[in-house]
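What follows is a single structure, written as structure tokens, with notes after it.
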2 protein chains.
Amino acid sequence: MSLFRPNVDAILGYVPGEQPQEPGWVKLNTNENPYPPSPKVIEALERVIHDRLNLYPDPLGSKFRQAVAKLFQLDPEWVLPANGSDENLTILMRSFINSSDLVVYPYPSYILYETLVDLQAGRHQRLHLQPDWSWDLRAAQAITAKAKMTILPNPNSPTGNRWSDADIVSLIPPDGLLVLDEAYGDFADQPHQGELLRGEQGSKIVVTRTLSKSYSLAGLRVGFALAHPDLIRGMRKMKDSYNCDKLSLAGATAAIEDQNWMKSNTAQIRATRRRMTAGLLELGFQVVPSQANFVWATHPSIPHRQIYEQLKAQKILVRFMVFPDYPNSPSNEITGLRITVGTDPEIDQLLHSLKGIV
Amino acid sequence: MSLFRPNVDAILGYVPGEQPQEPGWVKLNTNENPYPPSPKVIEALERVIHDRLNLYPDPLGSKFRQAVAKLFQLDPEWVLPANGSDENLTILMRSFINSSDLVVYPYPSYILYETLVDLQAGRHQRLHLQPDWSWDLRAAQAITAKAKMTILPNPNSPTGNRWSDADIVSLIPPDGLLVLDEAYGDFADQPHQGELLRGEQGSKIVVTRTLSKSYSLAGLRVGFALAHPDLIRGMRKMKDSYNCDKLSLAGATAAIEDQNWMKSNTAQIRATRRRMTAGLLELGFQVVPSQANFVWATHPSIPHRQIYEQLKAQKILVRFMVFPDYPNSPSNEITGLRITVGTDPEIDQLLHSLKGIV
């Protein structure tokens, strides 16, 4: 007889994108930033690796919280550092979701949300997006009315589209919380700066952010949540005492303090995104206008798995995705390719390879 | 009305030991190693901070698992890396404990165990140790018979004593798991090397280890669990995909591969522990013979809080601890000082200050 909780046995677990550890790949599958982190991050890391690693880090991550608070013009009590956005999503589940509680999120979207609810043994329901990725607001609101938590990634993944503030606010559960996952927020043409937290509904919103994408620090594992201090205080009980290590905190603080570096890289990625979108359209793909560092591309005739495999044979990795049980499609599923916006030469190589495939 | 789960609202959360961030303290309160990590760790970190931090780490931590597996002569499938031992304890709770499940652990012991069960909303019961820190085995077994999980720190904290393998095996729940927390295992005169995992009972044991203590890497946050692959596979579903960052994995791998450095430091700490124990006894303290990098000292007449405060006024931090509701003491509680084994000069300073206090 298994000793595991039934919900643990029942699920397969989240399968992250392929992470080949050897060099030589054009890696456009897990939305990493193709540019290196700020030189100031490296300088901070250089210092801290010689600075008493035998001692525990600051359990509250105070300097990092101060840097984030300054950036968002909030008090540091609004900030909870975490070991990547993933940890904050886990902390949110464990803080708020009992087995009778309903968690809802758009579909198609980031598949980790469903796994996290399953691991917490909560209930979940998908909010089916329309084929153009917009909301069927009336249907969605009928569901969020009964929810404890709505999770909205904005921009959404895998599509990169962003929804309006009005749509978002209308999906806050009357007796629950909205988690606004802004992992890709900095890549939007007009990035948000926590505006929704300041309104009347602000005490019912938790914004999650990561340094993995726009700050080029996927290897360092740092994210943070922004929310009213009453929420942050409770969530903090759930975190491990020393959830962020000394190096990560020091590097992340330096990254937040070098906004110019991040803004220059995200501007470059926006420019490449425009070129890449135009190139894919030219090759006959349909492409969702993206506000993130990836695009969702579908081809009207060639199977997406085949394109993925042919690219992989040429050492170009993109993310082939299947979303089954999607009622708004005649085939009852959505498939497509989520392709990270790499450097210009990487995207040239991608487009060149695709030209030979389609 | 609070949106938090009732168990989150009900608890205070674990309060870690004081972590002053400014220098100038003799820090003997959170069992950090006073010696720096291996120079090979620093070399590995020097390399990896220039090595594509914009990319995600290996989600499985393969190189680290291989190094640990080699050390313990196990297959890598027996190893689960984590963001410190704390994360593995949290993963264990989330993997195995439903609200009806009973978790038991010795008392007095590491107070985090109780917090973790409360956060998971499981049931818990303390196994009261005898005043000499040995087991009342018959009473304890009557309780473990009904448990889903027994957690035993070996050596125990705050006392540093170690229990026999026979005692430990006799406390494995018949229908559950034993978690053997060997955070301080390397400081024992005869360290364990996963022997209990190889016996008949091995498939019901999870050993947790940390690099924070013996490897001088509290600042890096890396621990690992050792258990049968059937257990590790289930626990892995519960972890965040990228729970350990690139720097931590690289540094921890280098640390594991430099056994000489760790062994030389732990030998020095054992030598200082002997001197420190003798010095405390000479000053009139009672000291539990310790197999860890701290000692538990009690004084027959002077209040422990007073000693703690007078030391703190001299910038020496030790851990003053109170264990209430302890039925085997006339006062119904245990108090004492848990003092980390620092460097020889630090311990000289401690003993000198104590001489002025007692």
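The values are calculated or read from the model by the stated rules, or taken from the named source; none is laboratory data. Computed from a predicted structure; not experimentally measured. Note that each Cβ is placed from the backbone with ideal geometry, even for glycine, and that neighbours are counted across all protein chains shown.
See the values below:
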{"read-out": "Qualifying residue in the range B:26-34 (condition: within 10 Å of another protein chain (Cβ to nearest Cβ), part of a loop (DSSP other than H, G, I, E, B), under 30 Å from A:Pro36 (Cα atoms) and of a type in the set (S, T, N, Q))", "value": "no"}
{"read-out": "Condition met for A:Tyr110 (at pLDDT 95 or above, assigned by TED's automatic domain parsing to the domain that holds A:Thr210 and over 15 Å from A:Ile256 (Cα atoms))", "value": "no"}
{"read-out": "Failed item in (1) within 10 Å of chain A (Cβ to nearest Cβ); (2) surrounded by 24 or more Cβ atoms within 10 Å (Cβ to Cβ); (3) over 20 Å from the mean Cα position of the chain (by Cα), with B:Pro37 passing the rest", "value": "(3)"}
{"read-out": "Tally of residues being in a loop (DSSP other than H, G, I, E, B), at pLDDT 95 or above and at the interface with chain A (Cβ under 9 Å from one of its Cβ atoms) across the range B:223-252", "value": "2"}
{"read-out": "Which numbered condition A:Ala255 fails, given (1) part of a helix (DSSP H, G or I); (2) more than 11 Å from chain B (Cβ to nearest Cβ)", "value": "(2)"}
{"read-out": "Output for the range A:148-171, where each listed residue is of a type in the set (A, V, I, L, M, F, W, C) and under 21 Å from A:Ala225 (Cα atoms)", "value": "A:Met149, A:Ile151, A:Leu152, A:Trp163, A:Ile168, A:Val169, A:Leu171"}
{"read-out": "Counted residues, the range B:197-222 - those being polar (S, T, N, Q) and assigned to a helix (DSSP H, G or I)", "value": "2"}
{"read-out": "Residue among A:Leu60, A:Leu74 that is in contact with a strand residue (DSSP E or B) (Cβ under 9 Å, 6 or more places away or on another chain), assigned to a loop (DSSP other than H, G, I, E, B), more than 10 Å from chain B (Cβ to nearest Cβ) and hydrophobic (A, V, I, L, M, F, W, C)", "value": "A:Leu74"}
{"read-out": "Pair list, Cβ < 8 Å and 6+ apart or interchain, from the range A:219-241 residues that are more than 20 Å from A:Gln66 (Cβ to Cβ) to residues that are surrounded by fewer than 19 Cβ atoms within 10 Å (Cβ to Cβ) and of a type in the set (D, E, K, R)", "value": "A:Gly219/B:Arg52; A:Gly234/B:Asp9"}
{"read-out": "In the range A:115-134, the residues that are over 21 Å from the mean Cα position of the chain (by Cα) and not in a loop (DSSP other than H, G, I, E, B)", "value": "A:Arg123"}
{"read-out": "Residue match in the range A:135-151 (condition: of a type outside the set (Phe, Trp, Tyr), in contact with a Phe, Trp or Tyr (Cβ under 9 Å, 6 or more places away or on another chain), crowded, with 24+ Cβ neighbours inside 10 Å and part of a loop (DSSP other than H, G, I, E, B))", "value": "no"}
{"read-out": "Which numbered condition A:Asp86 misses (of (1) more than 8 Å from every other protein chain (Cβ to nearest Cβ); (2) closer than 30 Å to B:Lys213 by Cα)", "value": "(1)"}
{"read-out": "Matching residues, the range A:330-358, being under 23 Å from the mean Cα position of the chain (by Cα) and either surrounded by 15 or more Cβ atoms within 10 Å (Cβ to Cβ) or in a loop (DSSP other than H, G, I, E, B) (or both)", "value": "A:Ile334, A:Thr335, A:Gly336, A:Leu337, A:Arg338, A:Ile339, A:Thr340, A:Val341, A:Gly342, A:Thr343, A:Glu346, A:Ile347"}
{"read-out": "Which numbered condition A:Ala278 misses (of (1) surrounded by fewer than 22 Cβ atoms within 10 Å (Cβ to Cβ); (2) outside any helix (DSSP H, G or I))", "value": "(2)"}
{"read-out": "Scope the range A:88-107; condition part of a loop (DSSP other than H, G, I, E, B) and either within 18 Å of A:Asn328 (Cα to Cα) or at pLDDT 95 or above (or both); matching residues", "value": "A:Ile97, A:Asp101"}
{"read-out": "Identity of the residue in the range B:43-57, among the hydrophobic types (A, V, I, L, M, F, W, C) and assigned to a loop (DSSP other than H, G, I, E, B), that ends up nearest to A:Pro36 (Cα to Cα)", "value": "B:Leu53"}
{"read-out": "Subset of the range A:10-25 that is over 26 Å from A:Gln268 (Cα atoms) and more than 7 Å from chain B (Cβ to nearest Cβ) - its residue that is modelled with the highest pLDDT", "value": "A:Ala10"}
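Results for (1) surrounded by 16 or more Cβ atoms within 10 Å (Cβ to Cβ); (2) in the same structural domain as B:Asp101 (by TED's automatic domain parsing); (3) at pLDDT 95 or above, shown as yes or no for each residue.
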{"site": "B:Val169", "(1), (2), (3)": "no, yes, yes"}
{"site": "B:Ile172", "(1), (2), (3)": "yes, yes, yes"}
{"site": "B:Leu178", "(1), (2), (3)": "yes, yes, yes"}
{"site": "B:Gly185", "(1), (2), (3)": "yes, yes, yes"}
{"site": "B:Asp189", "(1), (2), (3)": "no, yes, yes"}
{"site": "B:Leu197", "(1), (2), (3)": "yes, yes, yes"}
{"site": "B:Gln201", "(1), (2), (3)": "no, yes, no"}
{"site": "B:Val207", "(1), (2), (3)": "yes, yes, yes"}
{"site": "B:Thr210", "(1), (2), (3)": "yes, yes, yes"}
